[in-house]
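Enquirer: Structure incoming, see below.
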Amino acid sequence: SVFKRVDQVEEKVKSYLTITRDQAIEKAEEVDRKIASGEKIGPLEGIPVAIKDNMCTEGVRTTCASKILYNFVPPYTATVVEKVHRAGMVMAGKTNMDEFAMGSSTENSGFQLTRNPWDLERVPGGSSGGSASAVAAGEAIISLGSDTGGSIRQPASFCGVVGLKPTYGAVSRYGLVAFASSLDQIGPFTRDVTDMAQMLNVICGHDPMDSTSANVQQSDYTQFLVNDIKGLKIGVPREYMADGIDPGVKERMKEAMGKLTELGAWVEETSMPHTDYAMPAYYLIATAEASSNLARYDGVRYGLRVEDAEDVVDMFMRSRSQGFGTEVKRRIMLGTYSLSAGYYDAYYLKALKVRTLIKRDFDRAFEKYDLLLSPASPSTAFKIGEMVNDPIQMYLQDICTIPVNLAGIPAVSIPCGLVNNLPVGLQFMGRAFDEGTLLRAAYTLE
Ligand code: GLN
């Protein structure tokens, strides 16, 4: 079972913040009894799943890897976790992450360091690093993460697993602790594309509890696992293959392009002229929304409250100063600044306009192509400590993934060979609500 693996490797990898072993084993035994009595079970029934610690789980601590929520036990369960339970899946535990999902290496966790199972001296990526390492190390079969600017796809690529960010609105965010509400989306990590299709069947769908959840007819995603991409048109934007991309990663990309052509797809270079502006626009929008979303942690309602405060303002200030880590504070300050009177038009509003231009780049590209292809990350997993003191360098990690969030479209990262014994991830980007075509292409490369 996965708990045997947990016993063997968790001490080194540290994917989990909370392990719910007893509940999980009890539930798994129930499924065993069902099988023994000849009852039919669902495709994912009894499968152990790890949940990123920013999804609320009733009765189970949910910390967002932040000291400010160190003792928070939610009184309700996120819709996506309800769906996982309803499918008969078994929650193995809650995974480590960058605090409030801000980061690309999981080093911003307020509690522990997660290591990449491929090389323990390296990061698993982030912010959903624990969810990626859990699947890569066999400590869970499937996991859930969240992706605001790349936090599923980049760690999937670093850990050699499949990671998919669904279309904005395809999966309910009810019960996901908000970072940047217009960008956040929950999605799975799996070992292969078949599991991914099955898991999307479980988690997608409209939810009246999330006003941004989309009411679209849901398809059975397994029907896209056909092993045929003849005639599919794939664009490769040259801006995603620029100088910052590691030469080894480019090599793997070129090989994949060759393979796709061989399989009958039509692969062509294209251009997305506004790509360079995605990064600054993202860091204005994401920090602005974060500064507003994180105002609720004041020591009154949830989590940490300092003792012996002089008065209520002193209590707010000291609870927030002690509870939040450096990166979270940096983002709150940046976001508050860009939203303040006098700067709003110059920064935030400008960023929203740039967001529209980026979205139009995609609209135009998808008039011609069914999919776009790029690296998922500019490099393979980097060393622990290498970037932690250089926030800009860390932000640049998401250069290939951020435009997708700004446009709200779906994208998947799939393992695509190794460079120096470390996994490389390739990203397919698709039209809104066309996760099916992503899976179809990904499946042929497996
Ligand atoms: N690394 C990006 C950030 O720090 C993306 C994070 C995410 O997708 N949650 O904002």
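The values are calculated or read from the model by the stated rules, or taken from the named source; none is laboratory data. Since this is a predicted model, take the numbers as computed values, not measurements. Cβ coordinates were reconstructed from backbone atoms using ideal geometry, including for glycine residues, and neighbour counts include every protein chain displayed.
Enquirer: Looking only at residues that are of a type in the set (Ser, Thr, Tyr) and buried (at least 21 other Cβ atoms within 10 Å of the Cβ) in the stretch 349-382, which one is farthest from the chain's Cα centre (by Cα)?
Expert: If we take residues in the stretch 349-382 being of a type in the set (Ser, Thr, Tyr) and buried (at least 21 other Cβ atoms within 10 Å of the Cβ), then 369 is farthest from the chain's Cα centre (by Cα).
Enquirer: Name the single residue that is nearest to residue 406 (Cα to Cα) among those in the stretch 336-358 being of a type outside the set (Phe, Trp, Tyr) and in a loop (DSSP other than H, G, I, E, B).
Expert: Checked the stretch 336-358; the qualifying residue nearest to residue 406 (Cα to Cα) is 340.
Enquirer: Could you go through the stretch 24-40 and let me know if any residue there is in a strand (DSSP E or B), surrounded by 17 or more Cβ atoms within 10 Å (Cβ to Cβ) and touching a strand residue (DSSP E or B) at 6+ places or on another chain (Cβ under 7 Å).
Expert: no
Enquirer: Restricting the first residue to the stretch 133-159 and requiring it to be without any contact (Cβ under 8 Å) to a residue 60 or more places away in the chain and farther than 16 Å from residue 409 by Cα, which pairs with a second residue that is within 12 Å of the ligand (Cβ to nearest atom) and assigned to a loop (DSSP other than H, G, I, E, B) meet a Cβ separation below 8 Å and a spacing of at least six or different chains?
Expert: Pairs found: 155/106; 155/125; 155/126; 155/127; 155/128.
Enquirer: I'd like the full set of residues that are farther than 28 Å from residue 198 by Cα and touching a Lys or Arg at 6+ places or on another chain (Cβ under 6 Å), limited to the stretch 60-92.
Expert: Of everything in the stretch 60-92, just one residue is farther than 28 Å from residue 198 by Cα and touching a Lys or Arg at 6+ places or on another chain (Cβ under 6 Å), namely 73.
Enquirer: List the residue pairs whose Cβ atoms are under 6 Å apart, where the first residue sits in the stretch 26-44 and is within 17 Å of residue 86 (Cα to Cα), the second is among the polar types (S, T, N, Q), and the two are 6 or more positions apart or on different chains.
Expert: Cβ pairs passing all conditions: 43/198; 44/198.
Enquirer: A further question follows. Kindly indicate the residue of the stretch 301-325 that is surrounded by 12 or more Cβ atoms within 10 Å (Cβ to Cβ) and without any contact (Cβ under 8 Å) to a residue 40 or more places away in the chain and also farthest from the chain's Cα centre (by Cα) among those meeting that condition.
Expert: 309
Enquirer: Now for a different question. When you scan the stretch 359-398, how many residues do you find that are part of a helix (DSSP H, G or I) and either within 16 Å of the ligand (Cβ to nearest atom) or touching a Cys at 6+ places or on another chain (Cβ under 8 Å) (or both)?
Expert: The total comes to 8.
Enquirer: Would you mind finding the one in 191, 122, 115 that is at pLDDT 95 or above, basic (Lys, Arg) and touching a Phe, Trp or Tyr at 6+ places or on another chain (Cβ under 7 Å)?
Expert: Unique residue meeting the criteria: 122.
Enquirer: Still on this structure, I have one more. Among the residues in the stretch 54-67, are any touching a Ser or Thr at 6+ places or on another chain (Cβ under 8 Å), closer than 19 Å to residue 189 by Cβ, surrounded by 15 or more Cβ atoms within 10 Å (Cβ to Cβ) and small (Gly, Ala, Ser)?
Expert: Looking for residues that are touching a Ser or Thr at 6+ places or on another chain (Cβ under 8 Å), closer than 19 Å to residue 189 by Cβ, surrounded by 15 or more Cβ atoms within 10 Å (Cβ to Cβ) and small (Gly, Ala, Ser), one finds at least one in the stretch 54-67, hence yes.
Enquirer: When you go through (1) under 27 Å from residue 291 (Cβ atoms); (2) part of a strand (DSSP E or B) one by one for residue 114, which number turns out not to apply?
Expert: Result: residue 114 fails condition (2) only.
Enquirer: Please go through the stretch 246-269 and pick out each residue that is farther than 12 Å from residue 426 by Cβ and surrounded by 17 or more Cβ atoms within 10 Å (Cβ to Cβ).
Expert: If the condition is that a residue be farther than 12 Å from residue 426 by Cβ and surrounded by 17 or more Cβ atoms within 10 Å (Cβ to Cβ), then 265, 267 are the ones that fit.
Enquirer: Okay, moving on. Given the criteria more than 16 Å from the ligand (Cβ to nearest atom), within 16 Å of the chain's Cα centre (by Cα) and closer than 21 Å to residue 164 by Cβ, does residue 423 qualify?
Expert: no
Enquirer: Given the options 329, 254, name the one that is over 28 Å from residue 108 (Cα atoms), modelled with pLDDT of 95 or more and assigned to a helix (DSSP H, G or I).
Expert: 254
Yes/no matrix, rows are residues, columns are (1) at positive phi; (2) in contact (Cβ under 8 Å) with a residue 60 or more places away in the chain; (3) in contact with a Leu (Cβ under 8 Å, 6 or more places away or on another chain):
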residue: 217; (1), (2), (3): no, no, no
residue: 223; (1), (2), (3): no, yes, no
residue: 226; (1), (2), (3): no, yes, no
residue: 252; (1), (2), (3): no, yes, yes
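Enquirer: Also: With respect to residue 181, determine if the residue is modelled with pLDDT of 95 or more and farther than 27 Å from residue 45 by Cβ.
Expert: Yes: the conditions hold for residue 181.
Enquirer: Checking the condition in the same structural domain as residue 161 (by TED's automatic domain parsing) and within 16 Å of the ligand (Cβ to nearest atom), which residue from 30, 107 passes?
Expert: Being in the same structural domain as residue 161 (by TED's automatic domain parsing) and within 16 Å of the ligand (Cβ to nearest atom) holds for just one of 30, 107, which is 107.
For (1) more than 21 Å from residue 363 (Cβ to Cβ); (2) of a type outside the set (S, T, N, Q), each residue gets a yes or a no:
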residue: 396; (1), (2): yes, yes
residue: 402; (1), (2): no, yes
residue: 408; (1), (2): no, yes
residue: 413; (1), (2): yes, no
residue: 424; (1), (2): yes, yes
residue: 431; (1), (2): no, yes
